[in-house]
Amino acid sequence: MSDALREKVREAYAKTALSAAGAEPEFARRHYSDDEMGALPQSAAGASRGCGNPMAVADLRKGETVLDLGSGGGIDVLLSARRVGRSGFVYGLDMTEEMLDLARANAAEAGAENVEFLFGYMEDIPLPDESVDVVISNCVINLSADKQAVLREIARVLRPGGRTGIYDVVAENGMSESERLERGSWVGCIAGALTFDEYRLGLEEAGLTNIEITPHHQETAGMHSCTIRAHRS
Ligand SMILES: C[S@@+](CC[C@H](N)C(=O)[O-])C[C@H]1O[C@@H](n2cnc3c(N)ncnc32)[C@H](O)[C@@H]1O
């Protein structure tokens, strides 16, 4: 992956992490219920930069093991931890140390004991093969310069029968890379978005099945926040 691009992304989200305390939870308010917001430390909501709510797609059950790619301030890890209960476990993975520090502090404040935040890259996930039931992610995969590596890694860590519950920005088919760049930055989760066909093909090439990519709301002209469901057989 382009080290320069990765560094730009890391720097931007380090700033988000450092300004989360006292920040208005404007992203979180858009996507999470009052009940969910009420269960979160202020700075988990303040650091939220997702484009949806993976809880709505992941259908988490008690006892499951979940991995959140690009877990940021920990919002979806903490909400998942409530759903999987004490018999389940949730990993958050992030490459930005400032986000990991914030997420760990948020988990301590929330009293969440069934969670662990890992430093690492979603292109090279530091977990064994077939070790998780569900991979969630919220507006992160578009930030990778090697999305095929990310999709391969998702398929590798999922147990047979495992599934994804992902939110990501997706571009309409036929939109060129320069048209995506005209609509927004890479760091802002727009320029790096795949098209619907590219996403589907990437998931298929990674060996995932039962793929459903469903648009929910338009982020900018021709680019949509989507849920991405797929299964490992
Ligand atoms: C748009 S924010 C979303 C954070 C969180 N999912 C949320 O909903 O608030 C993107 C997060 O992904 C992390 N990230 C970006 N690229 C990554 C990579 N290649 N590997 C791991 N984490 C990454 C960033 O550090 C940042 O915390």
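Bear in mind that the values in this text are calculations on the coordinates, not laboratory data. Only a predicted model underlies this, so the values are computations on that prediction, with no experimental measurement involved. Glycine gets a Cβ as well: all are built from the backbone with ideal geometry, and neighbour counts include every protein chain shown.
General remarks:
- Within segment 59-99, the residues that satisfy the criterion of being farther than 10 Å from Val115 by Cβ, among the small types (Gly, Ala, Ser) and within 13 Å of the ligand (Cβ to nearest atom) are Gly70, Gly72, Gly73.
- Qualifying position, being within 15 Å of the ligand (Cβ to nearest atom) and closer than 21 Å to Ala230 by Cα, among Asp146, Asp133: Asp146
- Residue that is touching a residue at least 60 places away in the same chain (Cβ under 8 Å), within 9 Å of the ligand (Cβ to nearest atom) and of a type in the set (A, V, I, L, M), where the choices are Ala12, Ala28, Ala56: Ala12
- Some residue of segment 189-210 being among the basic types (Lys, Arg) and farther than 21 Å from Val134 by Cβ: no
- Residues (without any contact (Cβ under 8 Å) to a residue 40 or more places away in the chain and crowded, with 19+ Cβ neighbours inside 10 Å) located in segment 162-194: Ala191
- Residue check, Glu109 touching a residue at least 60 places away in the same chain (Cβ under 8 Å), of a type in the set (Asp, Glu) and more than 16 Å from Ser48 (Cα to Cα): yes
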